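Inspection log for the structure reproduced underneath, given as structure tokens.
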Amino acid sequence: MTETFDVVVIGAGHAGCEAAFAAARLGCDVALCTITPETVAHMPCNPAVGGTAKGHLVREIDALGGLMGRAIDATGIQFRLLNRSRGPAVWSPRAQADKKAYAQWVRETLGREPRIHWRYGKVGCLLTEAGRVIGVRMEDGADYGCAAVVITTGTFLNGLIHVGPEQVRAGRAGEPPSEHLAESLKSFGFRWGRLKTGTPPRLHRRSIDFELNVRRGTFREERGDEPPIPFSFSTDAIERQQINCFLLHTNDRIHELVRANVDKSPLFNGQIRGIGPRYCPSLEDKVVRFPQKDRHQIFLEPEGLDVDEIYVNGFSMSLPRELQLELVRALPGLEQAEMIRPAYAVEYDFIQPTELKDTLEAKRVAGLYFAGQVNGTSGYEEAAAQGLVAGMNAATQTRRLAPVRLARHQAYIGVLIDDLVTKGCLEPYRMFTSRAEYRLMLRIDNADLRLTPLGRQAGLVSDEQWDRFETRRERYQRNLDLLERVSVRGPSGHCRKASALLRQPEVSLEILERAGQVRLQTTEASRRLDVASVETAVKYAGYLKRQALEVERASRQEARRIPGTFQFRSIPGLTKEAIQRLDEVRPETLGQAGRVPGITPAAVAVLSVYLDRHRGEPGEQQEPPAGFRLDFCGSMHEASRIGDVETAGVSSPTQAPGGEDRVGDSRPARGSPRVLFGASAAVEPEDQPHGTLLPNQS
């Protein structure tokens with residue numbers, strides 16, 4: 001081997017950066033492989049972070065000790081809290097990013113980590129031995145030995161870009177695809193699919209008269225919140241200059257042009273085979289699929305404070321470039337607009353995530369982890385969340401520690417991973433609050449209470465972050481105790497405990513504080529967070545208690561692990577469909593089995609009976625460990641043992657750790673290291689569909 005590391009991360013996009021950072025902070029020497037430093041943490045599509053449910057993921061990444069929340073706070077240029085007119089469970093932060101500043105912040109932060117070693121070039125193939133990864137081979141012939149590999153190749157596996165009839169083999173505009181690595185990975189027998197995403201045209205800022213169009217009413221200014229609400233629990237205030245975005249709408253002329261030229265769209269003439277994102281349709285999709293709508297929203301979003309590019313949110317397409325310019329200039333107020341570069345669609349290979357364990361390790365090859373769009377997801381936030389988990393688990397494996405697992409009741413990240421590994425992907429997966437059955441527990445205000453103890457025990461949360469968290473947690477408990485202790489006078493004139501009065505819909509903490517009846521212990525910087533956490537915990541206590549009981553019941557099934565060698569075909573009570581689906585997914589727990597599409601409650605009951613007969617076989621833990629408990633506001637309390645980090649459980653029984661068979665039923669024959677052919681780019685996630693992350697969401 002040319003060099004040896006603990007972990008090799010392929011790709012330095014949002015997933016790769018989080019994976020490398022997490023593994024390094026957990027004590028591993030990490031080789032971060034990418035083609036060039038200029039594309040580290042690049043935002044090739046919408047230069048924004050957060051949005052509905054995506055903002056939850058970013059808060060959770062930050063609570064665990066990851067990078068994304070701090071990065072956007074340091075470089076954001078417009079912040080908004082979405083869904084404020086609805087309940088606290090669906091409040092979601094979103095921020096427009098200064099694209100270049102964001103990438104520079106992440107690159108510099110990773111550069112300060114002494115255990116991260118940059119290796120520029122293309123990864124050619126994996127080296128394996130006896131069903132386990134032992135290294136990678138670069139295109140230039142260098143071999144890097146390692147105990148774990150994290151693949152975060154985004155849209156680069158057999159990437160193909162479409163602009164009308166033009167087709168260019170690339171994972172992103174101007175960057176070569178990863179063709180040989182794709183074939184190398186496929187040789188392991190993984191199940192694969194083909195997806196598609198896209199990006200809109202970029203316009204020159206100086207070719208658009210924003211002030212004139214606002215005065216005429218052609219554009220509507222979309223302002224951010226004042227003051228801006230940070231993503232990170234470590235950020236007291238946002239002090240960067242903030243900008244406005246601008247709203248306009250498509251018109252009949254645009255719709256007529258699309259309908260007249262739909263045969264020139266690769267989406268409709270058969271040129272594109274990959275499945276596109278349902279929740280971020282292209283312009284052609286919107287016009288054809290929604291003919292009853294006479295207009296669609298378009299947002300003009302600056303890509304930075306000192307850059308000329310304007311991102312045209314909601315205007316992605318794959319039509320010919322000449323037609324694209326005509327469509328742009330048909331938009332009201334853009335008659336003289338100059339197009340810096342055209343929109344394009346990109347299709348790419350992805351691995352079916354049912355090939356992965358809930359640690360994001362491949363079932364077929366030990367030590368091989370996947371994170372990001374290569375797993376069929378869309379969005380920077382979903383990629384970063386997976387990268388964090390994959391990086392942590394790659395590190396725990398090399399250090400022979402228990403893996404880190406996040407359950408559905410514990411985090412949106414847990415919902416994301418569980419959905420992927422049990423259901424797979426037929427289209428690009430995007431996170432929504434509706435995907436979480438326990439979303440009242442999984443709020444943005446209590447992400448630190450839920451997850452920071454776990455991040456600390458794993459070794460990812462710094463001393464400074466932990467001290468800040470402990471102060472916040474103590475303050476939160478004191479305020480809860482205050483509301484239970486203090487009596488206040490209600491509208492009827494009778495005195496009641498503040499907590500009881502607060503459960504009335506018309507009463508809020510703001511009203512009680514304004515009347516001088518309650519004074520919370522808080523600071524100016526933390527006030528918004530403290531009030532939200534305490535008020536929600538008290539006002540929705542009954543609902544939270546009900547969800548906690550549901551979690552406890554569900555956790556009994558999550559605690560029952562299915563041995564990796566379990567033969568579903570040996571159960572006579574299962575249908576052929578159930579056996580086929582269970583064999584494809586290979587669920588690790590009885591709870592996961594119940595969430596596999598096509599598996600009925602009756603099938604789960606039959607499986608439960610037969611699991612009882614297999615108690616004591618290798619791969620199944622019988623007694624779930626104690627260590628975490630869940631209070632009614634969804635707060636995670638510190639475990640007594642570091643080895644309990646992976647359980648993510650609630651009031652015993654909880655999810656059992658470890659014990660899984662590393663390579664399942666696909667263990668390759670033993671022998672000398674196997675070199676998989678080809679040379680490929682080390683790359684990062686590509687154009688992310690963000691069509692529903694709009695500044696005016698509320």
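The values are calculated or read from the model by the stated rules, or taken from the named source; none is laboratory data. This is a predicted model, so every value here is computed, not measured. When we count neighbours, we look across all protein chains shown, and the Cβ atoms used for this are built from the backbone with ideal geometry, even at glycine. Side chains are part of the model used for accessible areas, which takes the heavy atoms of the whole protein and leaves out ligands, DNA and RNA. Shrake-Rupley method; radii C 1.70, N 1.55, O 1.52, S 1.80 Å.
Of the strands (runs of 3 or more DSSP E) entirely within region 215-323, those holding at least 3 residues that are under 18 Å from Met339 (Cβ atoms) and not β-branched (Val, Ile, Thr) occupy 297-302, 309-313. For region 1-24, residues that are surrounded by fewer than 24 Cβ atoms within 10 Å (Cβ to Cβ) and out of contact with any strand residue (DSSP E or B) (no Cβ under 6 Å at 6 or more places or on another chain) total 1.
For region 50-78, filtered to residues that are of a type outside the set (D, E, K, R) and open to solvent by 10 Å² or more (accessible area, probe 1.4 Å), the residue that is farthest from Phe370 (Cα to Cα) is Ala74.
Per the conditions (1) surrounded by 22 or more Cβ atoms within 10 Å (Cβ to Cβ); (2) farther than 29 Å from Cys17 by Cβ, the sole criterion not satisfied by Gly217 is (1).
State whether the residues of region 438-445 include one that is assigned to a helix (DSSP H, G or I) and buried (at least 24 other Cβ atoms within 10 Å of the Cβ). Checked region 438-445: no residue is assigned to a helix (DSSP H, G or I) and buried (at least 24 other Cβ atoms within 10 Å of the Cβ). Out of the residues in region 324-343 meeting the condition of being open to solvent by 10 Å² or more (accessible area, probe 1.4 Å) and out of contact with any helix residue (DSSP H, G or I) (no Cβ under 7 Å at 6 or more places or on another chain), tell me which one is nearest to Gly159 (Cα to Cα). Here the residue is Arg341.
What are the residues in region 519-536 that are surrounded by fewer than 17 Cβ atoms within 10 Å (Cβ to Cβ) and in a loop (DSSP other than H, G, I, E, B), if any? Selection gives Arg519, Gln521, Thr523, Glu524, Ala525.
When Arg527, Arg546, Arg475 are screened for being among the charged types (D, E, K, R), farther than 30 Å from Gln592 by Cα, within 35 Å of the chain's Cα centre (by Cα) and modelled with pLDDT of 90 or more, only Arg475 passes. Evaluating Lys539 against the criteria (1) touching a Gly at 6+ places or on another chain (Cβ under 9 Å); (2) touching a residue at least 24 places away in the same chain (Cβ under 8 Å) leaves one unmet condition, (1).
Out of all the residues in region 32-49, which are open to solvent by 10 Å² or more (accessible area, probe 1.4 Å) and touching a helix residue (DSSP H, G or I) at 6+ places or on another chain (Cβ under 9 Å)?
Once the filter is applied, which keeps residues that are open to solvent by 10 Å² or more (accessible area, probe 1.4 Å) and touching a helix residue (DSSP H, G or I) at 6+ places or on another chain (Cβ under 9 Å), region 32-49 yields Pro37, Glu38, Thr39, His42.
Among the helices (runs of 4 or more DSSP H) confined to region 463-518, the ones with at least 3 residues that are open to solvent by 80 Å² or more (accessible area, probe 1.4 Å) are located at 463-485.
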